[in-house]
Amino acid sequence: MPTIAIIGAGPGLGAAVARRFGAEGFSVALVSRDQAKLDALADRLRDGGVTARGYSADVLDPASLEVALARAATELGPIAVLQYSPLPSREYLKPVLEMTPELALEALSFSALGLLHAVRAVLPSMRTAGDGSIILINGGTSVKARSDFAGTSIAFPAESAYGEMLHDALADEGIVVVQLVIPGGIPKLRLKNGIDDVAARIWELHGSRGPFRTMLIPLEEGRE
């Protein structure tokens, strides 16, 4: 059974993606910092017929992230899809005049370097299989900087650049690397089926051979 690893899994988008991929025959590795919350989410998913387990890790602690992904592959099956969607700290949303070098470095470690470590953990098996998907979920500051969201305006573009380079480098190996940009909070986006529509879009992007970046809605609508 193929596995999707959702980094930054929680009761919102992570759970919706888990349900969608689980319905398509995937096992689900839920990765975030709080093991108790992961276990509770995994229990709810299993009640719905989804094979799911939680693996505690912090994207700011590369060793814990690599161990979690290795355990997931061993216990659930090869990781065929990696979704990188950890929720940035509110500290990263400070105005630019309050940004310090230390906080900027932490934001970069959270977004760009965390993704790099996660990719290095799952990519060898994907390249051996000649198949796989790496899906980045980012906010609107990945494409348009905001002076009031300085940390993500610095870190998301770096994460995006790494993802786009992977998209180009792996295009001929059967591995898809895509980014879904969600400009604004999901509850405010007026989607017919709410968060399940976002999960459906992510399912469509899995295995697609289109461009690197997809906007869930136009950037301007997300800032209304």
If we keep just the residues of the range 37-59 that are without any contact (Cβ under 8 Å) to a residue 24 or more places away in the chain and hydrophobic (A, V, I, L, M, F, W, C), which is surrounded by the most Cβ atoms within 10 Å (Cβ to Cβ)? 42
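Just wondering, is there one or more residues in the range 2-25 that are part of a strand (DSSP E or B) and surrounded by fewer than 21 Cβ atoms within 10 Å (Cβ to Cβ)?
Applying the first criterion (part of a strand (DSSP E or B)) to the range 2-25 yields 3-7.
Next, from what is left, pick out any that are surrounded by fewer than 21 Cβ atoms within 10 Å (Cβ to Cβ): none.
Within the range 2-25 (the criterion being part of a strand (DSSP E or B) and surrounded by fewer than 21 Cβ atoms within 10 Å (Cβ to Cβ)), the answer is no, since none of the residues qualifies.
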For the range 120-137, state whether one or more residues are farther than 19 Å from residue 3 by Cβ and of a type in the set (Asp, Glu). no
Can you name the residue in the range 35-60 that is assigned to a loop (DSSP other than H, G, I, E, B) and under 20 Å from residue 195 (Cβ atoms) and, of all such residues, is nearest to the chain's Cα centre (by Cα)? 50
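Among the residues of the range 127-178 satisfying the criterion of being of a type in the set (Lys, Arg) and either buried (at least 17 other Cβ atoms within 10 Å of the Cβ) or out of contact with any Ser or Thr (no Cβ under 8 Å at 6 or more places or on another chain) (or both), which is modelled with the highest pLDDT? Explain how you work it out, then say what you get.
Initially, the range 127-178 is screened for residues of a type in the set (Lys, Arg), giving 127, 144, 146.
From what's left, either buried (at least 17 other Cβ atoms within 10 Å of the Cβ) or out of contact with any Ser or Thr (no Cβ under 8 Å at 6 or more places or on another chain) (or both): 127, 144.
On the way: 127: 97, 144: 94.
Among those residues, the one meeting the criterion is 127.
In the range 94-116, how many residues are part of a loop (DSSP other than H, G, I, E, B) and either of a type in the set (S, T, N, Q) or free of Cβ contacts under 8 Å to residues at least 24 places away in the same chain (or both)? If you could, list the steps in order and put the result at the bottom.
Initially, the range 94-116 is screened for residues part of a loop (DSSP other than H, G, I, E, B), giving 94-95, 99-100.
Next cut, either of a type in the set (S, T, N, Q) or free of Cβ contacts under 8 Å to residues at least 24 places away in the same chain (or both) only: 100.
Adding up the residues that qualify gives 1.
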Here is a check on your reading of the model: is residue 174 at positive phi and touching an Asp or Glu at 6+ places or on another chain (Cβ under 6 Å)? yes
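If the requirement is being out of contact with any helix residue (DSSP H, G or I) (no Cβ under 9 Å at 6 or more places or on another chain) and closer than 25 Å to residue 155 by Cβ, which of these qualifies: 47, 34? Before you say what the answer is, go through the steps one by one.
Numbers: 47 fails: closer than 25 Å to residue 155 by Cβ.
On inspection, the qualifying residue turns out to be 34.
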In the range 117-170, how many are in contact (Cβ under 8 Å) with a residue 40 or more places away in the chain, assigned to a helix (DSSP H, G or I) and among the β-branched types (Val, Ile, Thr)? 4
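The values are calculated or read from the model by the stated rules, or taken from the named source; none is laboratory data. Just so you know, these numbers come straight off a predicted model, no measurement behind them. Every residue, glycine among them, receives a Cβ derived from its backbone with ideal geometry; neighbour counts consider all protein chains shown.
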